[in-house]
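As structure tokens, the structure follows; a few thoughts come after it.
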Amino acid sequence: KAMQPLVEVRNATFGYDATPVLRNVSLHLHRGQFAALVGPSGAGKTSLLKLVLGVLQPTHGAALLDGAPIDGRQSGRIGYVPQLETVDWNFPVTVEQVVLMGRVRRGGWGPWHGGAARREAHAVLARLEIDHLAGRHIRALSGGQQQRVFLARALIAQPDLLVLDEPTSGVDLRTAENILHLLAELNRQGMTILMTT
């Protein structure tokens, strides 16, 4: 068990309709690793992430989390930070509300209930140095702040694995460096990370 990868993609093939996007792809990610999938747009990086998240299933091969097939039921164990471009920034929601959405994955009957949940959200926001933005609408934030909000949403679920799709796209160089330093610090604290770039 100690040598078993946290995530294993084994000879996975996947395509949309008849067009293969991934062909016989394999990946091992062990606890405590920080890995990046690097490649140009259209290379299949996001599709591979979706196999790891259980959003997509391979047509051949397997995607495993701790040796069990990934089918979406493990979603509480995997924290996901989407590409900023995929988020509807006009959705009327505050920073605190976005973070509390991540808590739903851990179970319970409602995302907005209880002072304990709110204290937990504020603790995660403080860890990412954006606690002062809790009441702000997400539309009113900078790119780096927006990225940290979605990182907080992923972290509040206390995942075994953090998956980020292009976390440095759409932000300036200084913000990108800050995000990568933050991810490196989370990794030093024991978080397993898989990202695309």
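The values are calculated or read from the model by the stated rules, or taken from the named source; none is laboratory data. Keep in mind the model is a prediction, meaning the values are calculated, not measured. All Cβ positions, glycine included, derive from the backbone under ideal geometry; neighbour counts span all protein chains shown. In case anyone asks, the SASA skips ligands and DNA or RNA and just uses the protein heavy atoms, side chains included. Shrake-Rupley method; radii C 1.70, N 1.55, O 1.52, S 1.80 Å.
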* Hey, Pro58 hits all of (1) surrounded by 15 or more Cβ atoms within 10 Å (Cβ to Cβ); (2) closer than 28 Å to Leu180 by Cα but one; which does it fall short on? -> (2)
* Does any residue in segment 51-63 that is farther than 16 Å from Thr19 by Cβ come within less than 7 Å, Cβ to Cβ, of a residue that is open to solvent by less than 30 Å² (accessible area, probe 1.4 Å) and of a type in the set (Ser, Thr, Tyr) six or more places away or on a different chain, and which pairs are these? -> Gly61/Thr13
* Residue list for segment 17-48, filter: touching a Ser or Thr at 6+ places or on another chain (Cβ under 8 Å), assigned to a strand (DSSP E or B) and either surrounded by 14 or more Cβ atoms within 10 Å (Cβ to Cβ) or not polar (S, T, N, Q) (or both) -> Pro20, Val21, Leu22, Arg23, Val25, Leu29, Phe34, Ala36, Leu37
* Select from segment 49-78 the residues that are polar (S, T, N, Q) and in a loop (DSSP other than H, G, I, E, B) and list them in ascending order. => Gln57, Thr59, Gln74
* To do: Restrict the check to segment 176-188 and report whether at least one residue is within 16 Å of the chain's Cα centre (by Cα) and farther than 27 Å from His30 by Cβ.
  => no
* Consider Val87 carefully, then state whether it is open to solvent by 20 Å² or more (accessible area, probe 1.4 Å) and under 28 Å from Val149 (Cβ atoms). => yes
* **Residue tally, condition closer than 10 Å to Gly79 by Cα, open to solvent by 30 Å² or more (accessible area, probe 1.4 Å) and outside any helix (DSSP H, G or I), over segment 149-197** => 2
* To do: From the list Ala68, Ala63, pick out the single residue that is modelled with pLDDT of 90 or more and open to solvent by 30 Å² or more (accessible area, probe 1.4 Å).
  => Ala68
* Structure fact -> Going through (1) surrounded by fewer than 20 Cβ atoms within 10 Å (Cβ to Cβ); (2) at pLDDT below 95; (3) in a helix (DSSP H, G or I) one by one, His113 fails only at (3)
* Asked: Among Ala121, Ala134, which is among the small types (Gly, Ala, Ser), modelled with pLDDT of 90 or more, open to solvent by less than 30 Å² (accessible area, probe 1.4 Å) and over 28 Å from Gly54 (Cα atoms)?
  -> Ala134
